[in-house]
Amino acid sequence: MQQDSSARRPLVGIIGNQFLINDQYPAHAGGTMNSEAVAAAAGCMPLLIPADPRFVSVEELMERCDGFLFTGGRPNVHPENYGEAATEAHGDFDRARDAIVLPLARACADVGQPFFGVCRGFQEVAVAFGSTLHPEIRDLPGRDNHRMPPDGTLEEKFELRHKVRLTEGGRFHQLFGAREVMTNTLHGQGLLRAGERVVVEGYAPDGTPEAIWIKDAPGFTLSVQWHPEWNAVNDPVSRALFGAFGDAVRDWAAQREGSPQLRSA
């Protein structure tokens, strides 16, 4: 994606994850692939956000960032956010990230500020708008195992593994110019019941929801269950997603600054 080098790149806040270094030292981090996708495929400036209300607020983030990437991550959305009790099957949680991303998604949707949800981010967006999740999709009748393969190289783990069938004439169909696309799959949880405003437009062959957007939101709200940040510049599906997201972020930044739109060439 080419962009005028003299123009200020819009700022995309990349939601980070908490983890322990050497099982002891607490840290915030985000995958390098996310930053590369935002910079190279979306044409924006990536900024890693420590997703914890002790350090940042939704209002501050919306004021300083032009858009947001809700990334994947090992911890899951806590089921209390969709009215259920936590069980061992739900795995690990990051309540601090829940406390930032869920209200941030709703606030962005209200005003039209762009966000793009990926894997856990897809699930966060779904839950923020009234959906429920299943802790282990592969345990449902007729469903496949969507988890990351336990062995192999990074390339093998992120390789394209199944098709996603898209709604005829929907937003994803228009974006890709195709009714079916090939994607990777690296998730255990999945969307069970969609909230009233959650529009599902893509399904895996086993019926697992894979692509959503939020009804009545004026801005970019596309979210996908797979990981398009992998090989984002070269993969046509990933490039289309991040390209459209980048254009939406530039439009938002230009509107906010009152300057000519900084759309990529």
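The figures follow:
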item	result
Unique match (being surrounded by 13 or more Cβ atoms within 10 Å (Cβ to Cβ) and within 18 Å of Asp98 (Cβ to Cβ)) among Met62, Met45, Met33	Met62
Single residue of Arg197, Arg193 found to be touching a Phe, Trp or Tyr at 6+ places or on another chain (Cβ under 6 Å) and either at positive phi or not aliphatic (A, V, I, L, M) (or both)	Arg197
Residue list for segment 140-166, restricted to those being surrounded by 16 or more Cβ atoms within 10 Å (Cβ to Cβ) and among the β-branched types (Val, Ile, Thr)	Val164
Failed item, numbered, when Asn234 is tested on (1) assigned to a loop (DSSP other than H, G, I, E, B); (2) touching a residue at least 40 places away in the same chain (Cβ under 8 Å); (3) closer than 18 Å to Val181 by Cα; (4) not aromatic (Phe, Trp, Tyr)	(2)
Subset of segment 140-167 [in contact with a strand residue (DSSP E or B) (Cβ under 6 Å, 6 or more places away or on another chain) and not in a loop (DSSP other than H, G, I, E, B)]	Lys163, Val164, Arg165, Leu166
Residues being aliphatic (A, V, I, L, M), touching a residue at least 40 places away in the same chain (Cβ under 8 Å) and touching a Leu at 6+ places or on another chain (Cβ under 9 Å) - total across segment 16-48	4
Those residues of segment 74-110 which are without any contact (Cβ under 8 Å) to a residue 60 or more places away in the chain and on the phi > 0 side of the Ramachandran plot, in sequence order	Gly83
Restricting segment 12-28 to residues that are within 16 Å of the chain's Cα centre (by Cα) and assigned to a strand (DSSP E or B), the residue that is farthest from Gly246 (Cα to Cα)	Asn17
Among (1) within 18 Å of Thr183 (Cα to Cα); (2) modelled with pLDDT of 95 or more; (3) part of a loop (DSSP other than H, G, I, E, B); (4) over 14 Å from the mean Cα position of the chain (by Cα), the one test that Asp206 misses	(2)
Residue match in segment 173-182 (condition: in contact with an Asp or Glu (Cβ under 6 Å, 6 or more places away or on another chain), charged (D, E, K, R) and either at pLDDT below 95 or surrounded by fewer than 19 Cβ atoms within 10 Å (Cβ to Cβ) (or both))	no
Selection status of Ala51, part of a loop (DSSP other than H, G, I, E, B) and modelled with pLDDT under 95	yes
Whichever residue in segment 29-48 is among the hydrophobic types (A, V, I, L, M, F, W, C) and outside any strand (DSSP E or B) and, among such residues, is nearest to Phe245 (Cα to Cα)	Ala42
Matching residues in segment 169-188 - criterion: being assigned to a loop (DSSP other than H, G, I, E, B) and either in contact (Cβ under 8 Å) with a residue 40 or more places away in the chain or over 16 Å from Glu210 (Cβ atoms) (or both)	Gly169, Gly177, Asn184, Thr185, Leu186, His187, Gly188
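So that you can scan it fast, the table gives a plain yes or no per residue for (1) surrounded by fewer than 24 Cβ atoms within 10 Å (Cβ to Cβ); (2) assigned to a helix (DSSP H, G or I); (3) over 13 Å from the mean Cα position of the chain (by Cα):
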position	(1), (2), (3)
Glu80	yes, yes, yes
Ala86	yes, no, yes
Ala99	yes, yes, yes
Pro103	yes, yes, yes
Cys108	no, yes, yes
Phe116	no, no, no
Phe122	no, yes, no
Gly130	yes, no, yes
Arg138	yes, yes, yes
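The values are calculated or read from the model by the stated rules, or taken from the named source; none is laboratory data. These figures come from a predicted structure and were not determined experimentally. Note that we place each Cβ from the backbone using ideal geometry, even for glycine, and neighbour counts take in every protein chain shown.
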